[in-house]
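First the structure, in the form of structure tokens, and then the observations on it.
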Amino acid sequence: MFKKEKIIIMFTAVLLLTLATSLAVQAQEDYKGKTYYLATNIFYEKPEVIYSTNYHKGSILALGTKVTVKDVSRKGISFVDENGVKFKIVYVPEHAASNETVWNHFRRYFTSEDPMGPDGSFSKCTPEEKENIKIGEIAVGMSRQAILLSWGYPPSHQTPNLKADIWRYWESRFVTQSVRFKDDKAYEIKRGA
């Protein structure tokens, strides 16, 4: 009887592993070639190497930019904008919470709904927030949502919970900025903290 139970357990494990692998491949294939909008601004120095750490220097690929996803793998996300410029977000697992994958990153930064549309997330921002978002800046008084639109998501290994009172972003490998919140509004932005 024990041998039979062992065989059933092993068979079930193999079946579940095969199903999980199949679903992961199918999920990836469902994204390839489809058009999305950027859900936040994305900063980059080189379009072909944008680290998922979300460093804040260089140029900005604007919130609402329409892109076509070319590939999503454990190594990153490749996409092309409407001008044919190729971009690649290189996924850095060391700068993500232990329970996250490239797919979490994908769902945060790519959306099928235009955030710049009449009912989009941008429309819910104040005029001052909209101006800051357009130029990729943040300021005291901005809402959490407006800061996400302007600066994207803070690396989750340092900010695992977006309800936290402090978010930490990186300008570069050695320079950080902390955003402190009270009542869902930024009340302090501190460089190097």
Report, in debye and to the nearest 20, how large the dipole of segment 117-178 comes out about its Cα centre when Lys and Arg carry +1 and Asp and Glu carry -1 on their Cβ. 200
What are the residues whose amide H is under 5 Å from the amide H of Gly76, where those residues sit 5 or more places off or on another chain and H is modelled from the backbone? Tyr91
Report, in whole Å, the centroid distance computed from the Cα atoms of segment 157-193 and segment 62-91. 26
Heavy-atom accessible area per residue of segment 48-176, all protein chains kept, 1.4 Å probe, expressed in Å², is 52
Heavy-atom accessible area of Lys182 with all protein chains present, probe 1.4 Å, nearest 10 Å²? 130
With the Cα gyration tensor of segment 91-157 giving a ≥ b ≥ c as the square roots of its eigenvalues, does the rule (a/c under 1.5 for rounded; else a/b larger than b/c for prolate; else oblate) give rounded, prolate or oblate? oblate
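The values are calculated or read from the model by the stated rules, or taken from the named source; none is laboratory data. None of the values given here were measured: they were computed from a predicted structure. Here Cβ is always computed from backbone atoms with ideal geometry, including for glycine, and neighbour counts include all displayed protein chains. Calculation scope for accessible area: heavy atoms of the full protein, side chains included, ligands and nucleic acids excluded. Shrake-Rupley method; radii C 1.70, N 1.55, O 1.52, S 1.80 Å.
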